[in-house]
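Please treat every number below as a calculation from the coordinates, not as lab data. No experiment lies behind these values; they were computed from the predicted model shown. A quick note on method: Cβ atoms are made from the backbone with ideal geometry, for glycine too, and the neighbour counts reach across all protein chains shown.
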Amino acid sequence: MKKITGTLIWYYFVCKREVWFMAHEITPFQDDPFLEIGRIIHEYSYSREKKEIEAESMKFDIVKRKDSDFVIAEIKKSSRFLEPALMQLAFYLYKLDKQGLKMKGELLIPKEKKRVKVTLNDELKRKLEDAISHIKELVKSEIPPHPQKISFCKRCAYNEFCWA
C-alpha cells in the first residue's frame, strides 16, 4: 500500500470514496474548475513565502520561521472544509513530532483573510491514529465504498465516478 499522505487524511474527513480513488491512483478530472481555482489561489497567494517543501510523503505549502518556532502552513481556498484542512495539517505536525521535530501549524485562507493556528495535542493525535487505521483498512478493499451524497459532491472532481 502507498504511504498515508496529508491528502488522504484531508479526503478521509470529507469522503471515504475519494480516499479509495486517490489511494488506487485514480486521478480526478484535472480540468475541473474547482481544482483550477485551488491551484491559482495556491500559486499566487503568499508569493514571498517559500512554498512546496517536500519531506517523506509530506508536501507543505509553506514553511517559515516565526520568532524561535518553525511553522508549517497550509493554504486553503475557503474555510468551508475546516476540519479536513485542520486534520491534514495536524497529520504533518504528527509525522514531524514522531521524528522529534516540534512545530506549530497555521491554516491560511487568503480569500477570507483568515489564519487559524493549529497545535498538535493528545486529542488530535488520537483522532489521527484512528483515521490512519481506518484508511489502511479502506484501501485494502478491491472496490470503493458506495457513494453517499454530501454537500461536497457538486464541487468534486470525482463527481462523474459516483453520479454519472
Under Karplus coefficients 6.51, -1.76 and 1.60, residue-wise ³J(HN,Hα) of the stretch 80-97 in Hz, glycine/proline x
4, 10, 5, 4, x, 5, 4, 5, 4, 5, 4, 4, 5, 5, 5, 5, 5, 4
Which value in nm describes the separation of the simple spin-label points at LEU101 and LYS3, placed 7 Å from the Cα toward the beta carbon?
1.1 nm
Given a Förster distance of 22 Å, report the FRET efficiency between THR119 and LYS59 from their Cβ-Cβ distance, rounded to the nearest 0.05.
0.60
Residues PHE161 and SER78, FRET efficiency given R0 of 30 Å [Cβ-Cβ distance, rounded to 0.05]:
0.80
